[in-house]
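Visitor: Quick one: structure below, then a few questions.
The values are calculated or read from the model by the stated rules, or taken from the named source; none is laboratory data. These numbers come from a predicted model, not from an experiment. Counting neighbours? That spans all protein chains shown, and the Cβs are built from the backbone with ideal geometry, glycine included.
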Amino acid sequence: MPGRRAERRRRNAEALIRAADRLFTEHGYRAVRIEEIAEAAGMTTGAIYSIFGSKRALLRAVLGSRIDRIADDTRAARADEQLSAVEVVAAYARAHCRLVAADCLRALRLEIEALALWLQGGWRTEELAAQAERSGLATALTGRRVGTGADRRLTAAEAATLATAETALFTGLARTCALARIAPDPDLWARAAIALATVVDGALDAAPPDA
C-alpha cells in the first residue's frame, strides 16, 4: 500500500506540473488561480497544497521539470566519456534551444515573474543553487578535455565556472530570441556555446594559480 500511495502521489504531482506549466506559460504565473490548475489536472486544490504546499512551490517544480527535460535530453552526451567539453556544451546548447523554441516570449515572461518572486524573498538562495545543478552540466564537464585535441582536463572548479558561463549564455540567447521575435537556431546556439567554452578555457589557463 505505501508503494501504491507513493506512485499515485508521483503521478498526481506530474499531472499538476504539466497543467501548471501550460497555464503559467499561456497566461503568466500571477494571472493563473490555483483552482484553475487543479481543474486542468482533474484534481482538487487540496491535492496541490498536499503535494507542493503553495503555488510558489508549484512554480519551482515547473521550472525544475524544465531543467529535468534538459538533463534527459543530454543524457547520451553526459554518458559518453569520449566526448570533449565543447561537444558536451554544444549538446546542452541544442537542448536549451529546443526547450525554448516553442514559445520564447511567453517563456521569458514566466522567467521574469519567477525572478521577481526570488527578489521579493520568495525563494532561498540554496533552493536556487539546487535548481541550477539539476541539469548536471558542471558534473558532465568535470574531467573532460576542452577540445578533441587537448590534453588538459577540466577540474571540478573549472567545470563549475564554465557551466555557469554557459548557462548565462543560454539565458541570454533565449531572451534575445524572445525580444527580437526570432526563432531560436540550434546551430547558432551550439557555435556560441563552443566559442564561449574556448574563451573560458583560455581565461582559466591565463589565470594565476592563486586567483
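Visitor: Which condition breaks for ALA174 when tested against (1) small (Gly, Ala, Ser); (2) modelled with pLDDT under 85; (3) under 18 Å from VAL62 (Cβ atoms)?
Guide: Going through (1) small (Gly, Ala, Ser); (2) modelled with pLDDT under 85; (3) under 18 Å from VAL62 (Cβ atoms) one by one, ALA174 breaks only (2).
Visitor: Turning to a different aspect of this structure: With the requirement that a residue be out of contact with any Cys (no Cβ under 9 Å at 6 or more places or on another chain) and under 13 Å from CYS97 (Cβ atoms), what does the stretch 164-175 give you?
Guide: If the condition is that a residue be out of contact with any Cys (no Cβ under 9 Å at 6 or more places or on another chain) and under 13 Å from CYS97 (Cβ atoms), then GLU166, LEU169, THR171, GLY172 are the ones that fit.
Visitor: Can you pull out the residues in the stretch 177-190 that are surrounded by 13 or more Cβ atoms within 10 Å (Cβ to Cβ) and either in a loop (DSSP other than H, G, I, E, B) or without any contact (Cβ under 8 Å) to a residue 60 or more places away in the chain (or both)?
Guide: Listed by number, the residues that qualify are PRO184, ASP185, LEU188.
Visitor: Sticking with this one: Which one of these is of a type outside the set (A, V, I, L, M), over 19 Å from the mean Cα position of the chain (by Cα) and at pLDDT 90 or above: THR198, THR139, THR148, THR155?
Guide: None of the other options fit; the residue is THR155.
Visitor: Another question, if that's okay. Looking at (1) under 17 Å from the mean Cα position of the chain (by Cα); (2) under 30 Å from ALA140 (Cα atoms), can you tell me which one PHE24 breaks?
Guide: Only one criterion in (1) under 17 Å from the mean Cα position of the chain (by Cα); (2) under 30 Å from ALA140 (Cα atoms) is unmet by PHE24, namely (2).
Visitor: Residue pairs, Cβ under 7 Å, 6 or more apart or interchain, first in the stretch 95-122 and more than 17 Å from ASP185 (Cα to Cα), second of a type in the set (Phe, Trp, Tyr). List them.
Guide: Within 7 Å, the pairs are LEU110/PHE24; LEU110/TYR29; GLU113/TYR29; LEU117/TRP123.
Visitor: Please work out which residue is nearest to ALA93 (Cα to Cα), limiting yourself to the stretch 24-63 and to residues that are surrounded by 15 or more Cβ atoms within 10 Å (Cβ to Cβ) and small (Gly, Ala, Ser).
Guide: Among those that are surrounded by 15 or more Cβ atoms within 10 Å (Cβ to Cβ) and small (Gly, Ala, Ser), it is ALA61.
Visitor: In the stretch 66-91, how many are hydroxyl-bearing (Ser, Thr, Tyr) and part of a helix (DSSP H, G or I)?
Guide: 0
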